[in-house]
Amino acid sequence: MNETDTGTIEERLARLERGLKRGKRAVTAMMVLLAFLLVWNGVMRGGKVHAAPDAVDLVAKSLKIVDEKGSTRVFLLVNEEGPSMFMTDEKRKIRVGLSVGKDGPVVSLDDEKEKPRVGLSVVKDVPVVSLRDERGKGSVGLLVDEDGPNLALKDQRGKTRVSFAVLKDNNPDLTLRDEKGESRVSLFVDKDGPLVSLRDERGKMRVGLVLTKDSPHLGLYDENENTRAVLGSTSLEATNTGETEVTAPSSLTLFDKEGKIIWRAP
């Protein structure tokens, strides 16, 4: 016996990899929502409102609703970006914004400094919810796309550090990322059991722990993700006969970079 056939385990690792890529798509959608919120604040504070010059009737340029002191509390307008509505507090600070742009509707709830703290949007048919701190950095993002729900936690530099998703096949996936946004720890559960992977700074899997119905399996991988050592049960296929042997849960098998067995016990 001189070659490995990791079979089911490799397939589960592949599903985990697809889950990691989906997490990156979730981050992109939340970045789009953030861009929308920043544009809102820029438009209102900069006063760059351009209504159609030939508009008529009540929707001609804009509509302002004032309180008993004459302060504008609700402002509606339509410009080249689409319709928008803004609501202010008693200090004339914008606290609520609603807009419908080319990519979909956006709602922003701002703090007393007019910083976006809660955002809700539908970007290309994908609903996105975003929560931010007073500096607009650390955030929580939630979206639901065709693959299922995805929750992401970002640090103060805007990098996603934790993501949790329920994939299309109803399997949960938890990923921890480093300061560069690279996946370093992943936990995945499917019908066959849990799987944990540890990755290096390049995102390459170096350690994989799998628990199946039969036994646990610990795999160590090189920088190219080739299996170099397996502690526990694994499938070995003989190149001469094609026969497959499943090693004992207490076995240890070492491989070279070509996947050939160089040592095993028992």
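The values are calculated or read from the model by the stated rules, or taken from the named source; none is laboratory data. For clarity, every value in this text was computed on a predicted model and none was experimentally measured. Neighbour counts run over all protein chains shown; Cβ positions are idealised from the backbone, glycine included.
Considering the stretch 226-266, and only residues there that are touching a strand residue (DSSP E or B) at 6+ places or on another chain (Cβ under 8 Å) and of a type in the set (Asp, Glu), the residue that is modelled with the lowest pLDDT turns out to be Glu237.
Residues are listed down the side, and each one gets a yes or a no for (1) surrounded by 19 or more Cβ atoms within 10 Å (Cβ to Cβ); (2) under 11 Å from the mean Cα position of the chain (by Cα); (3) over 30 Å from Thr253 (Cβ atoms); (4) of a type in the set (Lys, Arg):
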| residue | (1), (2), (3), (4) |
| --- | --- |
| Asp147 | no, no, yes, no |
| Ala152 | yes, yes, yes, no |
| Lys159 | no, yes, yes, yes |
| Ser186 | yes, no, no, no |
| Asp192 | no, no, no, no |
| Ser197 | yes, no, no, no |
| Gly203 | no, no, no, no |
| Glu223 | no, no, no, no |
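Condition test on Val96, is it under 22 Å from Ser71 (Cβ atoms) and of a type in the set (Val, Ile, Thr)? Here the answer is yes, as Val96 does meet what is asked. With respect to Val118, is the statement that it is at pLDDT 90 or above and either within 16 Å of the chain's Cα centre (by Cα) or more than 27 Å from Glu81 (Cβ to Cβ) (or both) true? No; evaluated as a whole, the condition is false for this residue. Picking from residues in the stretch 166-180 that are within 17 Å of Gly203 (Cβ to Cβ) and touching a residue at least 24 places away in the same chain (Cβ under 8 Å), the one that is surrounded by the fewest Cβ atoms within 10 Å (Cβ to Cβ) is Glu179.
Ser108 meets all of the listed conditions (1) at pLDDT below 95; (2) over 20 Å from the mean Cα position of the chain (by Cα) but one, namely (1).
Within the stretch 225-247, being surrounded by 12 or more Cβ atoms within 10 Å (Cβ to Cβ), free of Cβ contacts under 8 Å to residues at least 24 places away in the same chain and assigned to a loop (DSSP other than H, G, I, E, B) holds for Glu225, Ser233, Thr247.
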